[in-house]
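The values are calculated or read from the model by the stated rules, or taken from the named source; none is laboratory data. Treat the numbers as computed from the prediction; the structure is a model and nothing was measured. Please note: Cβ atoms are built from the backbone with ideal geometry, for glycine as well, and neighbour counts cover all protein chains shown.
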Amino acid sequence: MPEISRFFGIVIKMFFDDHNPPHFHAEYGSDLALIDIRNLSVFSGRLSPRVMGLVIEWATLHQQELFADWDRARAQQELQRIAPLE
C-alpha cells in the first residue's frame, strides 16, 4: 500500500485496486481509519479527535488530488505524493 503523504506522525496510504467507496487510509500509532474521499467521513476504524481534525483539514485541502490518486490506484498506475499539512 503506497504512502502518499506523511505529517505530524500521521501516515496517509492508498491501496491499488481497492474497494469502493473512494477512500484513503490514515494511520497514527496503532490507530487506523478509512476515510471516504467524497464526504471526508470515517467509515471504518477510528482516530483520536485531534488527529482526525488534522486529517480532515489536510484532506479538505487536497480532495481533488485524492480523487486523482484514487483513479490512478484503480488503474494500477503510480500514485502521486500529496503535500503534507504544515
Inset, instruction - Would you mention how many residues in segment 9-21 are within 20 Å of Pro84 (Cα to Cα) and out of contact with any His (no Cβ under 9 Å at 6 or more places or on another chain)? - result: 2
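Of these, Arg46, Arg50, which one is touching a strand residue (DSSP E or B) at 6+ places or on another chain (Cβ under 7 Å), at pLDDT 95 or above and surrounded by fewer than 18 Cβ atoms within 10 Å (Cβ to Cβ)?
So the residue among Arg46, Arg50 that is touching a strand residue (DSSP E or B) at 6+ places or on another chain (Cβ under 7 Å), at pLDDT 95 or above and surrounded by fewer than 18 Cβ atoms within 10 Å (Cβ to Cβ) is Arg46.
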